[in-house]
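Everything below concerns the one structure shown next.
Just so it is clear, none of the values below were taken in a lab; they were calculated from the coordinates. Everything quoted here is computed from the prediction, not taken from an experiment. Because the Cβ atoms are built from the backbone with ideal geometry, glycine has one as well, and the counts that use them run over all protein chains shown.
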Amino acid sequence: MIEITNLGYHYPGSGHRVFNDFDLRIEGNHIYGLLGKNGTGKSTLLYLINGLLRPTAGTVNVDGYRSFDRSPEMLEEMFLVPEEYDMPDVRLPEYAAVSRKFYPRFSDEILRNCLDEFEIAPDVNLKALSMGQKKKVFMSFALATGTRFILMDEPTNGLDIPSKALFRRVVARNMTDDRTLIISTHQVHDIEILLDHIIIIDNSKVLLNAGIDDITRNYVFRTISEGDSHSADVVYAEPSAMGQSAILRRHNDEIETQINLELLFDAVTLNHLKL
């Protein structure tokens, strides 16, 4: 479990507070989508959880450990995939031989299987990889670590359309019941079918922290005609090519619908909808 209490943070030399008196509780065993507008601190939050940044106020605890202490017990259960990174000038087997020692449940089999799915040779030189290839290798390594927490910052940036589909498949196949994955992204369509929990943050506030099942149990997402947008069941609607994309209250006899994450995000951030 990740517990964030009264969190404050600003970057040195900056008067802008990224977080001020921010609270968030993240339960285990879910795939979270961490969403927010530009500048709301999504990446910063991942770095604070991983302990690479130290809060200026409040606490970030991961399973009872203060994250900025970066204790070995915490770090062996957590892996961060940043949005951008440089890879060392070594071949993957050398990198894996050194790095795997920090992760007691590291699986060579999972690493091989992920690389096979991404069509990456197992002995590639990491420095010679393109951005998309680096992402595939780093995500493969992350899944192979066996850590209980994986944090991913914009993981689908740099991936082409077939690779995004591969990413979803590879992640789904390697999730276990005791693993928690937090994905920070703007590319909501790339990941929405993976997620089972949504967190939306803005201006040091948690606007939404809810499970997909809870949302779809109470609301339906569908296209309606212009005249229907005034129905008492419509809680949010916006124009689309086919009419109006809408969120409506769900009645007990209605079939659940797939969530429209982009529409949900707009409803919560632009219309201040409380679901």
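For the reader, a short list of remarks on this structure follows.
- Remark: pairs (first residue in the stretch 33-52, touching a residue at least 40 places away in the same chain (Cβ under 8 Å); second residue of a type in the set (D, E, K, R); Cβ separation under 7 Å; 6+ apart in sequence or on different chains) = Leu34/Lys42; Gly36/Lys42; Gly36/Asp202; Lys37/Asp202; Thr40/Asp202; Ser43/Glu83; Ser43/Asp153; Leu46/Asp153.
- Number of positions in the stretch 113-152 that are more than 30 Å from Asp63 (Cα to Cα) and in a loop (DSSP other than H, G, I, E, B): 8
- Selection over the stretch 159-170 of residues that are without any contact (Cβ under 8 Å) to a residue 40 or more places away in the chain and either in contact with a Ser or Thr (Cβ under 8 Å, 6 or more places away or on another chain) or under 19 Å from Ile110 (Cβ atoms) (or both) gives a count of 3.
- Scanning the stretch 56-100 for residues that are of a type in the set (S, T, N, Q) and under 22 Å from Asp178 (Cβ atoms), we see that the one that is surrounded by the most Cβ atoms within 10 Å (Cβ to Cβ) is Ser67.
- Residue list for the stretch 13-35, restricted to those being surrounded by fewer than 21 Cβ atoms within 10 Å (Cβ to Cβ), part of a loop (DSSP other than H, G, I, E, B) and not acidic (Asp, Glu): Gly13, Ser14, Gly15, His16, Arg17, Gly28, Asn29, His30
- Annotation: Asn38 fulfils all but one of (1) surrounded by fewer than 19 Cβ atoms within 10 Å (Cβ to Cβ); (2) over 26 Å from Leu270 (Cα atoms); the unmet one is (2).
- Pairs linking a residue in the stretch 89-115 that is farther than 10 Å from Ala144 by Cα to a residue that is crowded, with 18+ Cβ neighbours inside 10 Å and of a type in the set (Ser, Thr, Tyr), with Cβ atoms under 8 Å and 6 or more positions apart or on different chains, are Leu115/Ser140.
- Residues of the stretch 258-275 classified as surrounded by fewer than 13 Cβ atoms within 10 Å (Cβ to Cβ) and of a type in the set (Phe, Trp, Tyr), total: 0
- Qualifying residue in the stretch 78-100 (condition: under 29 Å from Glu192 (Cβ atoms), assigned to a helix (DSSP H, G or I) and in contact with a helix residue (DSSP H, G or I) (Cβ under 9 Å, 6 or more places away or on another chain)): no
- Applying the criterion of being closer than 12 Å to Leu35 by Cα and among the β-branched types (Val, Ile, Thr) to the residues of the stretch 193-212, the residue that is surrounded by the most Cβ atoms within 10 Å (Cβ to Cβ) is Ile198.
- Filtered by the rule that a residue be under 24 Å from Leu52 (Cα atoms) and not in a helix (DSSP H, G or I), the stretch 101-112 gives Tyr103, Pro104, Arg105, Phe106.
- Exactly one residue out of Ser225, Ser245 is surrounded by 13 or more Cβ atoms within 10 Å (Cβ to Cβ) and among the small types (Gly, Ala, Ser), and it is Ser245.
- Residue in the stretch 108-162 that is surrounded by the most Cβ atoms within 10 Å (Cβ to Cβ), counting only those that are farther than 25 Å from Asn38 by Cα and hydroxyl-bearing (Ser, Thr, Tyr): Ser140
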